[in-house]
């Protein structure tokens, strides 16, 4: 019952968002709102696309999120292997950095981050935003992947070493395939984080043509703080779809990898 209640708690806001996206304006102002629209309409979606550059913003968000996820995974995988397998002061310091970096709020980092990116001439660029998202995702990616590495039996790597494989060859041919579920889950985390992130994108991106989707969603709120509720709900609903689709596509891969590992063990 507790799990069912938690699932309903998570699902109700999304269901209400979907309901609002398909309601006409007269139902949105009703004193007795209903879950199911009495007269469903697509006018909110048409208005959202006509008045705001949602497709361009979604393309920017998609480019940034995919790039950040891929780069973070490529960097984090060998680093997590070293942290999990090599007992050195550097590995211990890296583990401490992973924990400590999660304690800093965004506000404390934005000014020095802005100055660094300004010196690198990466302000108001998507590449600069990708760099920020990669650095921000790395601590959690390292922590997550190092746990998966520790779950891989050392005997497999020792057998590869006996056969003459180097450490790099062992990582690529033996360890990495077993880490596939963890790599996919880490990439999903990095993708969703970059796709939904708002604060860094707001500060670093100034040109309208480079703004990401979370920034464009704020344009549905007027100068007096009054939201255009119908089109905003429609745009927000579309903004949640990529994360849901990505999770649905890789869910079987994650589950399949875990079950395969259990059967082999």
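The values are calculated or read from the model by the stated rules, or taken from the named source; none is laboratory data. Keep in mind it's a predicted model, so treat the numbers as computed, not measured. Glycine gets a Cβ as well: all are built from the backbone with ideal geometry, and neighbour counts include every protein chain shown.
Annotations
- Inter-residue pairs, beta-carbon under 6 Å, first at negative phi and at pLDDT below 85 and in the range 29-46, second surrounded by 10 or more Cβ atoms within 10 Å (Cβ to Cβ) and not in a loop (DSSP other than H, G, I, E, B), 6+ apart: 35/19
- Any hit, the range 178-191, residues being assigned to a helix (DSSP H, G or I), surrounded by 22 or more Cβ atoms within 10 Å (Cβ to Cβ) and over 14 Å from the mean Cα position of the chain (by Cα): yes
- As a summary of the residue check, residue 98 satisfies the conditions (1) at pLDDT 85 or above; (2) outside any loop (DSSP other than H, G, I, E, B) except for the one numbered (1).
- Against the test of being at pLDDT below 80 and in contact with a helix residue (DSSP H, G or I) (Cβ under 6 Å, 6 or more places away or on another chain), the options 171, 117 yield a single qualifying residue, 171.
- Checked against (1) assigned to a helix (DSSP H, G or I); (2) out of contact with any helix residue (DSSP H, G or I) (no Cβ under 7 Å at 6 or more places or on another chain), residue 206 passes all but a single condition, namely (1).
- Output for the range 1-28, where each listed residue is touching a residue at least 12 places away in the same chain (Cβ under 8 Å), within 26 Å of residue 214 (Cβ to Cβ) and part of a helix (DSSP H, G or I): 14, 15, 16, 17, 18, 19, 20, 21, 25, 28
- Matching residues in the range 40-75 - criterion: being farther than 19 Å from residue 212 by Cα and out of contact with any helix residue (DSSP H, G or I) (no Cβ under 7 Å at 6 or more places or on another chain): 40, 41, 42, 43, 46, 74
- Residue check, residue 105 closer than 30 Å to residue 246 by Cα, under 22 Å from the mean Cα position of the chain (by Cα) and free of Cβ contacts under 8 Å to residues at least 12 places away in the same chain: yes
- Selected residue (criterion: modelled with the lowest pLDDT) from residues of the range 211-226 that are part of a helix (DSSP H, G or I) and within 25 Å of residue 108 (Cβ to Cβ): 218
- Of all residues in the range 155-173, those satisfying the criterion of being within 24 Å of residue 69 (Cβ to Cβ) and either part of a loop (DSSP other than H, G, I, E, B) or over 27 Å from the mean Cα position of the chain (by Cα) (or both) are 168, 173.
- For the range 114-150, a residue qualifies if it is part of a helix (DSSP H, G or I) and without any contact (Cβ under 8 Å) to a residue 24 or more places away in the chain, and the qualifying residues are 115, 116, 118, 119, 127, 131, 135.
- Residues satisfying the stated conditions in the range 196-232, i.e. out of contact with any strand residue (DSSP E or B) (no Cβ under 9 Å at 6 or more places or on another chain), farther than 26 Å from residue 113 by Cα and surrounded by 20 or more Cβ atoms within 10 Å (Cβ to Cβ): 230, 231
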